[in-house]
4 protein chains.
Amino acid sequence: MANFKGHALPGSFFLIFGLWWSVKYPLKYACRKNKKICFFGSKVGFQRVEVIEGAVKAIFSLIGMLAEQFVPDGPHLRLYNHEEKQWSHLMNWQHSTMYFFYGVSGVVDIITHTTKAVPVAMDRLMLAIAVFVEGFLFYYHVHGRQALDVHIHLLLLFAVFGGALCIFLEVFFRGNIILELFRSSLCILQGSWFWQIGFVLFPPGGGPEWNQNDHNNLMFITMCYCWHYAFALLFVGVNYGIVTW
Amino acid sequence: MANFKGHALPGSFFLIFGLWWSVKYPLKYACRKNKKICFFGSKVGFQRVEVIEGAVKAIFSLIGMLAEQFVPDGPHLRLYNHEEKQWSHLMNWQHSTMYFFYGVSGVVDIITHTTKAVPVAMDRLMLAIAVFVEGFLFYYHVHGRQALDVHIHLLLLFAVFGGALCIFLEVFFRGNIILELFRSSLCILQGSWFWQIGFVLFPPGGGPEWNQNDHNNLMFITMCYCWHYAFALLFVGVNYGIVTW
Amino acid sequence: MANFKGHALPGSFFLIFGLWWSVKYPLKYACRKNKKICFFGSKVGFQRVEVIEGAVKAIFSLIGMLAEQFVPDGPHLRLYNHEEKQWSHLMNWQHSTMYFFYGVSGVVDIITHTTKAVPVAMDRLMLAIAVFVEGFLFYYHVHGRQALDVHIHLLLLFAVFGGALCIFLEVFFRGNIILELFRSSLCILQGSWFWQIGFVLFPPGGGPEWNQNDHNNLMFITMCYCWHYAFALLFVGVNYGIVTW
Amino acid sequence: MANFKGHALPGSFFLIFGLWWSVKYPLKYACRKNKKICFFGSKVGFQRVEVIEGAVKAIFSLIGMLAEQFVPDGPHLRLYNHEEKQWSHLMNWQHSTMYFFYGVSGVVDIITHTTKAVPVAMDRLMLAIAVFVEGFLFYYHVHGRQALDVHIHLLLLFAVFGGALCIFLEVFFRGNIILELFRSSLCILQGSWFWQIGFVLFPPGGGPEWNQNDHNNLMFITMCYCWHYAFALLFVGVNYGIVTW
């Protein structure tokens, strides 16, 4: 949804997941290293956590899909507008598609960690596919918009495709704490950048609009992206420190 | 062949192979995990299956090559038209080349699994090369066509090059069920997308043609590609479920 | 800072680090192979070296940031010029950002090698991120300049992104002498190329300026880049020879 | 050198090396599998072969460099033409640079396999760098030429960069027969394609010139590249068969 809330909502989800991961993985790592102190429960406990995480992902995705479809100016499951002879609300459908893949990833998480039938790395492959699909749709999403709008969305792709690659590597290097923390930081970056996009393109409180074609704005935004990542790294670092301590 | 049948036929082959793989690899995986129940036969049985698969691939490729050459308006093995001073039926020759590499891949499959002279990973390398060559030729194939035509063919390249990369990884991680299922899903995607290209560019039954330059059509097609992949994943999942059960 | 000194200074830092690495890693490698002769100290000694290296990195970065901010024509920590309604000294801010990430990498080095809380591969991940951010900012930095200026900066990116990839691989292949020497050579290349950029764009001693759009200049510069790398390889080779001997 | 001989000569070198590798590596592989029959000599024998190979590479490169410099219309080691105020014979200098890196690779081969000081994977890294530099210079080489000329040279880059990647992988997977055969085939492809470029751009015997901008020619050349690769694979396969048998 092309407004402030439409960027703040998914941004919040990514932020929550990123921060949660930056707590979960250090905890898991500490438990593996030091089996005595670990009061969180054994392997079974972590497995339950994974199942809950998958369920939350699936439910959030379902809510997102329903919201995209049934907001007042949404498509209401209608794909083609026969009166106007054109596709109806393609934006909302694209967003629904993104949510759908995350939903599938959630369901696969649940199946992987409740039964033993599915190889355990399947959850990572499915998550990598979901993230890749998000980036793939975003890439073709911004075609034909203004310079700043395109640039600010394309910057997001570094976090998205970087994340997809990182998760795909986890298929082979499962449980590598470095990759897990890297993924957490990229997820936080994605979340906070969604908020930034909202603030830049739809200034809340009716602030002045940004000049879309000023080269300086483009250069500032690029730098700003790096600062966001610096903060994401800081958060991951602090969480890691607290958990280990 | 630039008509509906020319897209439906290779599409069907890819669909058949993708669905077959999505049955074969879970079966193999189940057999490895649970050696008792496995009534399919031991390693020898699977080796025989590989040989048959290679033979089918080689025969299909041969038929494809002959068809491309000897259809009424084909080149009949003539490469250069001396009267008109230009290359003759380049399209058909390009398709023949694609089939040829798949044929070589089939032959290498047979050699690899009947003799012990060739290292076993060679079949994957050759398949990766065949898939890459397909993508390589497709990439230069669409030069100078209309927007939707180009876009719908380029989308195919994600499945093709993704598949080539996945198969190349299998050279090093042979027997990794995750990669094998991923490959199956990409193969199904390729097959179903060939059908979709046929329906869009050559609507059977004389339906109305698509507007080639409408930006909405491009965006819809991009999304549609993701839906195809969702279905491909569903098929792989269902097949996996049935086989394991 | 767009002058000769602004390129010579970072160039010198990269040169020093590259040359230092081309001494350190062969030494470490020789010690591992031949534990008797090694008078440099054991594992503890190398750990102390890593900490010092991290500290030097952090201090240099801090100096760099302060210099960029507080030079006479610098931003003095002011980001937005409210009088002229535009961003203030974006260049200096971008350079500060680059230095900041190297500073974080230095701090992570220190933490990694003094405490045991952090997994040891974290220093490589953070360095890879710092190098990537440098390349990322450089890439968008040169937008809209003249042909030779753009080309000479983009050539730098081969060394930068090559280095980032190499360091990222070291997360998984830690202590691989091949990768470490490769990284050293790329670092020296980066350093010497910074000097070259300074000489070409801001000829010291008031030499004649280069024709920015002459195609021959572009081709010469490309070749010159390879020569720089040949020298970088030579230095690494000679250092390796001396150390091993 | 922009004439038929200037393409045929390097082409022949690549062909010879590719064919030689397609004999050497299967032989090595057969010896490793079947230690009794192997009459070629033990590890020492292969080491001597590597040294000779390195020497041949270095000598060929030296000859190539001298030829590029001292042909009648060559630069004779003069880099800048002070009379005309422009760079002198940049083409020849670029070719000399390419040869130089191959020469370094040859020298590193000799050092690696005669002394024990250098880690053995260094020869692969240096070869990968040499191949990459060749591709890098080629990429900027063709700037501003005609369509077919550019295309036919860029196609070469698939073999070059593919080869560089393959050799870089061998740093980590040394002695992997699949990668070695893949590299041989790409090397043969490069060699035969150099000959093809010579035939197309400088038809010997004064044949008619090719139309540089005809789209059909471009499409034919692309397909022709695949046929060259098919032949390269055939040669590798036949050599492998003969050696194993």
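The values are calculated or read from the model by the stated rules, or taken from the named source; none is laboratory data. What you see is a predicted model, and the numbers here were worked out from it, not measured in a lab. Cβ atoms come from the backbone with ideal geometry, glycine included; neighbour counts cover every protein chain shown. When the accessible area is computed, the model is the full protein with side chains, heavy atoms only, and any ligands, DNA or RNA have been set aside. Shrake-Rupley method; radii C 1.70, N 1.55, O 1.52, S 1.80 Å.
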Report summary line: Taking the protein assembly as shown, the whole-percent share of alpha-carbon pairs separated by over 39 angstrom is 51
Requested in this report: Step through the residues of the range B:192-198 one at a time and calculate ³J(HN,Hα) from phi using the Karplus curve (6.51 cos²θ - 1.76 cosθ + 1.60, θ = phi - 60°), rounding each to whole Hz and writing x for Gly and Pro.
Outcome: 5, 6, 4, 4, 4, 4, x
Query raised in the report: Hey, for B:Thr114 with labels 7 Å out along Cα-Cβ, what do the inter-copy distances come to in nm, ordered shortest first?
Result: 4.9, 4.9, 6.9
Query - Cβ-Cβ FRET estimate between C:Val238 and C:Phe173, R0 fixed at 25 Å, reported to 0.05 - result: 0.50
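Please sort by residue number the GluC sites (Glu not before Pro) in the range A:83-147 whose DSSP state is loop and whose Cβ has at most 16 other Cβ atoms within 10 Å. Please report the intermediate quantities before stating the final value.
Values: sites: A:Glu83, A:Glu84, A:Glu134; in loops: A:Glu83, A:Glu84.
Here the sparse-neighbourhood loop sites are A:Glu83, A:Glu84.
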Report summary line: For chain D, the longest principal axis of the Cα atoms and the Cα long axis of helix D:147-172 enclose an angle in degrees, to the nearest 10, of 20
Query raised in the report: To the nearest whole number, what is the average tally of beta carbon atoms from other chains within 10 Å of the beta carbons of peptide B:217-226?
Result: 6
Report task. Using a 1.4 angstrom probe on heavy atoms only, work out the carbon and sulfur share of the accessible area of the range A:4-244 in %. Result -> 70
Report summary line: Rounded to the nearest 10 Å², the 1.4 Å probe accessible area of C:His141 is 10
Report task. Check the axis relating chain A to chain D and name the residue of A whose C-beta is nearest, distance in whole Å. Result -> A:Phe172, 7
Query - Other copies of B:Ser12: label-to-label distances in nm, shortest first, labels 7 Å along the beta-carbon direction - result: 5.3, 5.3, 7.5
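Given a Förster distance of 45 Å, report the FRET efficiency between A:Phe202 and D:Asn211 from their Cβ-Cβ distance, rounded to the nearest 0.05. Please list the in-between numbers first.
Numbers: r = 54 Å, r/R0 = 1.20.
Computed FRET efficiency for A:Phe202 and D:Asn211: 0.25.
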Report task. Mind pulling the angle between the C-alpha long axis of helix D:122-141 and the longest principal axis of chain D? Nearest 10 degrees, somewhere in 0 to 90. Result -> 20
Query raised in the report: In whole Å, how far is the Cα centre of the range D:52-89 from that of the range B:134-205?
Result: 46
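I'd like the GluC sites (Glu not before Pro) in the range D:140-243 restricted to DSSP loop residues with at most 12 other Cβ atoms within 10 Å, sorted by number. Walk me through the numbers before you get to the answer.
Values: sites: D:Glu170, D:Glu180, D:Glu209; in loops: D:Glu209.
Passing sites in the range D:140-243 are D:Glu209.
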Report summary line: Looking at the range A:165-186, residues buried by 40 Å² or more relative to their chain on its own, accessible surface at probe 1.4 Å, turn out to be A:Phe168, A:Phe172, A:Ile178, A:Phe182
**Report entry** Residues whose placed amide H lies under 5 Å from that of C:Gln86, excluding near-sequence neighbours
**Finding:** C:Asn81
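Placing +1 at every Lys and Arg Cβ and -1 at every Asp and Glu Cβ, with all other atoms neutral, what dipole size does the range D:1-150 have around its Cα centre, in debye to the nearest 20?
On the way: 15 positive and 10 negative charges, 226 e Å.
Roughly 1080 debye for the range D:1-150.
Other chains' Cβ within 10 Å of D:84-94 residues: what's the mean?
Details: counts 0, 2, 5, 6, 1, 0, 8, 1, 0, 5, 5.
Neighbouring Cβ atoms belonging to other protein chains average 3 per residue here.
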Report summary line: Checked against a 20 Å limit on the C-alpha separation, the offending pairs among A:Lys28/B:Lys33; C:Lys28/D:Lys116; A:Lys33/A:Lys57; B:Lys33/D:Lys33 are A:Lys28/B:Lys33; A:Lys33/A:Lys57; B:Lys33/D:Lys33
Query - Sites matching chymotrypsin sites (Phe, Trp or Tyr not before Pro) across the range D:1-102 that sit in DSSP coil, with at most 15 neighbouring C-beta atoms within 10 Å - result: D:Phe39, D:Phe40
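Determine the dipole magnitude for the protein assembly as shown: charges of +1 sit on the beta-carbon of Lys and Arg, -1 on that of Asp and Glu, nothing else is charged, the reference point is the Cα centre, and the result goes in debye to the nearest 20. Don't jump to the answer; show the numbers that get you there.
On the way: 68 positive and 56 negative charges, 1064 e Å.
Once rounded to the nearest 20, the dipole reads 5100 debye.
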Query raised in the report: On a 0 to 90 degree scale, rounded to 10, what angle separates helix D:90-114 from the longest Cα axis of chain D?
Result: 10
Report task. Using a cut-off of under 17 Å, list every residue of the range A:161-193 whose amide N is near the label point 7 Å from the Cα of A:Lys43 along the Cα-to-beta-carbon line. Result -> A:174-176
Query raised in the report: Rounded if a/c is under 1.5, else prolate if a/b is larger than b/c, else oblate: which is chain A, with a ≥ b ≥ c the root eigenvalues of its Cα gyration tensor?
Result: oblate
Query raised in the report: According to a simple spin-label model (label point 7 Å from Cα along Cα-to-Cβ), what is the distance in nm between D:Ile16 and C:Arg145?
Result: 4.5
Query raised in the report: Residues of B:143-155, mean number of Cβ from any other protein chain within 10 Å of their own Cβ, rounded to a whole number?
Result: 1
Query raised in the report: Using only the Cα atoms of the range B:195-243, what do you get for the radius of gyration and for Dmax, in Å?
Result: 14.6, 45
Requested in this report: Would you mind working out the accessible area per residue for the protein assembly as shown, using a 1.4 Å probe, and quoting it in Å²?
Outcome: 45
Report task. Could you grab the relative contact order for the range B:156-245? Cα pairs under 8 Å, six or more apart, rounded to a whole percent. Result -> 30
Query - Cβ-based charge dipole, the range D:32-134, positive-most Cα from D:Thr97, D:Gly45, D:Pro75 - result: D:Gly45
Query raised in the report: How many nanometers, to one decimal and shortest first, lie between the label point of C:Gln86 and those of its other copies, if labels sit 7 Å from Cα toward Cβ?
Result: 3.7, 3.7, 5.2
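Exposed loop trypsin sites (Lys or Arg not before Pro) only (DSSP loop, at most 15 other Cβ atoms within 10 Å): please give the longest stretch of chain A free of them, not including the sites.
Numbers: sites that count: A:Lys35, A:Lys36, A:Arg78, A:Lys85, A:Lys116, A:Arg145, A:Arg174.
Of all site-free stretches, the longest is A:175-245.
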